[in-house]
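Read the structure below first, then the notes.
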Amino acid sequence: LTSSISTKLIATIGCDYSYRRHVNGVDGSPIPIITFRTQQLPVLHATALAYVLDAWLPRVIDQFMAPGVDPRTRHGIAVVHKSTVLRLVSLICPTVSERLGAQGTFGHNLISQFEVRQIELLSPAHV
């Protein structure tokens with residue numbers, strides 16, 4: 001459940017910042033940085049990932065909670081879901097954070113906190 005929320009937050013933070021931050025164009029008029037392809041791709045990737053994980057979660061829960069499922073199968077479903085989500089979120093956190101510039105490192109943007117949490121979850125003690 002938190003993976004779905006964290007990917008949505010990462011995408012939202014990246015998108016909001018990209019629309020709010022402007023640079024001056026050739027004629028001096030402000031241009032939002034989301035108009036640049038280098039800014040669009042990480043934000044769109046995070047948004048797509050948020051939608052995919054959100055759509056996948058109910059199916060995972062249904063399969064995990066199905067009556068008569070062998071405990072080893074349940075464990076396998078949980079392992080596949082956790083490892084897939086952690087890997088994907090650990091890939092989008094730094095790319096979106098990088099697009100935020102210095103603000104990506106601030107705690108109030110939450111992305112740096114997600115990165116730290118992902119590293120903690122991927123450590124051998126949690127695997």
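The values are calculated or read from the model by the stated rules, or taken from the named source; none is laboratory data. A quick note: this is a predicted structure, and the numbers were derived from the prediction, not measured. As a convention, Cβ positions derive from the backbone with ideal geometry for all residues, glycine included, and neighbour counts pool all protein chains shown. When the accessible area is computed, the model is the full protein with side chains, heavy atoms only, and any ligands, DNA or RNA have been set aside. Shrake-Rupley method; radii C 1.70, N 1.55, O 1.52, S 1.80 Å.
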Subset of the range 6-21, residues of a type in the set (D, E, K, R), closer than 13 Å to Leu100 by Cα and in a helix (DSSP H, G or I), comes to Asp16, Arg20
Right, Arg59: farther than 20 Å from Val80 by Cα, at pLDDT 90 or above and basic (Lys, Arg) or not? no
Residue satisfying all of: in the range 22-70; aliphatic (A, V, I, L, M), open to solvent by less than 70 Å² (accessible area, probe 1.4 Å) and in a loop (DSSP other than H, G, I, E, B); farthest from Cys93 (Cα to Cα) among these: Val69
Given the condition assigned to a helix (DSSP H, G or I), over 23 Å from Thr12 (Cβ atoms) and at pLDDT 80 or above, answer yes or no: does some residue in the range 83-95 qualify? yes
Of Arg74, Arg87, the only residue that is open to solvent by 30 Å² or more (accessible area, probe 1.4 Å), among the basic types (Lys, Arg), without any contact (Cβ under 8 Å) to a residue 60 or more places away in the chain and in contact with a Phe, Trp or Tyr (Cβ under 6 Å, 6 or more places away or on another chain) is Arg74
